[in-house]
Amino acid sequence: MHLPAKLMVIALFPIAFAFAGESQTVVMDLQNIQCYGCMNTVNTALLKVPGVQVAKMDLEKKTATVKFDPTKTNTEALVQATAKAGFPSTIRK
């Protein structure tokens, strides 16, 4: 049986999509965090980075847990985003 080219492309698309960009999660230690307003500022800055999917803030621990697509961004961009917002950070090892 020979399938038309259009059907073959449609049939293969879900397979290609399934392998595209697996997420990575990191925990960031944040400096200068004092209040929920600070956390909101950091959260907003992180969510503006292309590829960031989720940013969860923890004021008590002064951390951000960030889930992102490593094909679209990297940890250096995350650290730069928080620093630019006024809150230097490091990636927890």
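Miscellaneous remarks
- Neighbours by Cβ (under 7 Å, 6+ apart or cross-chain): first from segment 35-49, over 13 Å from Lys84 (Cα atoms); second among the small types (Gly, Ala, Ser): Leu47/Ala55
- Residues within segment 62-93 that are assigned to a loop (DSSP other than H, G, I, E, B), free of Cβ contacts under 8 Å to residues at least 60 places away in the same chain and open to solvent by 30 Å² or more (accessible area, probe 1.4 Å), tallied: 9
- Members of segment 63-93 that are farther than 19 Å from Thr44 by Cβ and among the polar types (S, T, N, Q): Thr71, Asn74, Thr90
- Which numbered condition Leu46 fails, given (1) open to solvent by 90 Å² or more (accessible area, probe 1.4 Å); (2) modelled with pLDDT of 95 or more; (3) of a type outside the set (Lys, Arg): (1)
- Tally, over segment 19-43, of residues that are part of a loop (DSSP other than H, G, I, E, B), touching a helix residue (DSSP H, G or I) at 6+ places or on another chain (Cβ under 9 Å) and either over 10 Å from Ser89 (Cβ atoms) or open to solvent by 20 Å² or more (accessible area, probe 1.4 Å) (or both): 2
The values are calculated or read from the model by the stated rules, or taken from the named source; none is laboratory data. Everything numeric here is computed off the predicted structure, so don't read it as measured data. Cβ atoms come from the backbone with ideal geometry, glycine included; neighbour counts cover every protein chain shown. All accessible areas refer to the heavy atoms of the entire protein, side chains included, with ligands and DNA or RNA removed. Shrake-Rupley method; radii C 1.70, N 1.55, O 1.52, S 1.80 Å.
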